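Heads up, the thing below is written out as structure tokens.
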Amino acid sequence: MRGAVVHLSGGRFSPFAYVMPALSAEPRYAAYYSETFRPGGETRLERASITFGERDGAPFLHVHGTWIEADGRRRAGHLLPVEVVVAAPVRAEAWGTADAAWRVEPDAETNFPLFTPAGPGAGAPACLLLKIQPNEEIHAAIEAAARAHGLAAARVRGIGSIVRPAFADGRVIPTDASEVLIRDGTVRPGPDGGLVAHLDIAVVDVDGGIHEGVLRRGANAACITFELCLTAE
């Protein structure tokens, strides 16, 4: 696999290190990261989603997750893989492709180096790597990509960030910076035959609050990026 998403569940880690979303003090960034947190003891993982690809010719990971720290606090955010060590077995499931790759490239719109799909564009791929740019509505982008690549139905997996996440139950989270993990995602034909994306997520805000549930279709714009893997059903 040159481009993939990996789901982790269970297990324990020590040491453990992560950052949370933060507002940017520099105008060249729409959002940034908090200081690095390094909780003591063992951290118990609930779940994590990893984008796997390459940076500067070497394997690279981008990881968002939720976990329980040794003091019992539940947290979420962006893990720092080079500082995180597995202390007890973790379940891992991967979906990916050897035909395309996730490659970290400079992104002129955000001023960040971001995972970007690279490789041939297959007409009807079994696994589609999709990057969503800032201010694109994520449901619409997923539906358009599935139509363009001939996916009649697909599972949607990955991570990203949303401006003011809006949930189907009416909640709107007033945070312009966030870290998102897709817990369950699909794109399938709706009642009228058109494709409809459905995304159940966990998102952490700049204060460390964790919010979970189904997103409202048509009301959620990407902040910095979304890195998605669509696998045909």
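The values are calculated or read from the model by the stated rules, or taken from the named source; none is laboratory data. Note that this is a predicted model, so its numbers are computed, not measured. Neighbour counts run over all protein chains shown; Cβ positions are idealised from the backbone, glycine included. The accessibility values were calculated without ligands, DNA or RNA, using every heavy atom of the protein model including side chains. Shrake-Rupley method; radii C 1.70, N 1.55, O 1.52, S 1.80 Å.
Okay, here's what the table says:
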{"read-out": "Every pair of residues 6+ apart whose Cβ atoms lie under 8 Å, when the first sits in the range 7-25 and is closer than 19 Å to Ile162 by Cα while the second is of a type in the set (Asp, Glu) and open to solvent by 10 Å² or more (accessible area, probe 1.4 Å)", "value": "Val19/Glu35; Met20/Glu179; Pro21/Glu179; Pro21/Asp205; Leu23/Asp176"}
{"read-out": "Matching option when the condition is within 26 Å of Pro39 (Cβ to Cβ), surrounded by 12 or more Cβ atoms within 10 Å (Cβ to Cβ) and either aliphatic (A, V, I, L, M) or at pLDDT 95 or above (or both), among Ala101, Ala70", "value": "Ala70"}
{"read-out": "Unique match (being open to solvent by 10 Å² or more (accessible area, probe 1.4 Å) and within 17 Å of Leu195 (Cα to Cα)) among Ala118, Ala153", "value": "Ala153"}
{"read-out": "Count of residues meeting criterion [open to solvent by 70 Å² or more (accessible area, probe 1.4 Å) and small (Gly, Ala, Ser)] in the range 46-66", "value": "1"}
{"read-out": "Filter pass, Ile182 being in contact (Cβ under 8 Å) with a residue 60 or more places away in the chain, open to solvent by 20 Å² or more (accessible area, probe 1.4 Å) and in contact with a Lys or Arg (Cβ under 7 Å, 6 or more places away or on another chain)", "value": "no"}
{"read-out": "The one condition in (1) on the phi < 0 side of the Ramachandran plot; (2) at pLDDT 95 or above that Tyr29 fails to fulfil", "value": "(2)"}
{"read-out": "Subset tally (residues that are in a strand (DSSP E or B), touching a Lys or Arg at 6+ places or on another chain (Cβ under 9 Å) and open to solvent by less than 50 Å² (accessible area, probe 1.4 Å)) for the range 161-174", "value": "2"}
{"read-out": "Subset of the range 189-233 that is surrounded by fewer than 24 Cβ atoms within 10 Å (Cβ to Cβ) and among the charged types (D, E, K, R) - its residue that is farthest from Ala108 (Cα to Cα)", "value": "Asp192"}
{"read-out": "Qualifying strands (runs of 3 or more DSSP E) (wholly inside the range 1-104; at least 2 residues being in contact with a Ser or Thr (Cβ under 9 Å, 6 or more places away or on another chain) and among the β-branched types (Val, Ile, Thr))", "value": "3-9, 58-68"}
{"read-out": "Cross-chain or 6+ apart pairs with Cβ under 9 Å, the range 185-214 first and without any contact (Cβ under 8 Å) to a residue 12 or more places away in the chain, then in a strand (DSSP E or B) and surrounded by fewer than 20 Cβ atoms within 10 Å (Cβ to Cβ)", "value": "Gly190/Val196"}
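Results for (1) of a type outside the set (A, V, I, L, M, F, W, C); (2) part of a strand (DSSP E or B), shown as yes or no for each residue.
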{"residue": "Asp176", "(1), (2)": "yes, no"}
{"residue": "Gly185", "(1), (2)": "yes, yes"}
{"residue": "Ala202", "(1), (2)": "no, yes"}
{"residue": "Cys223", "(1), (2)": "no, yes"}
{"residue": "Cys229", "(1), (2)": "no, yes"}
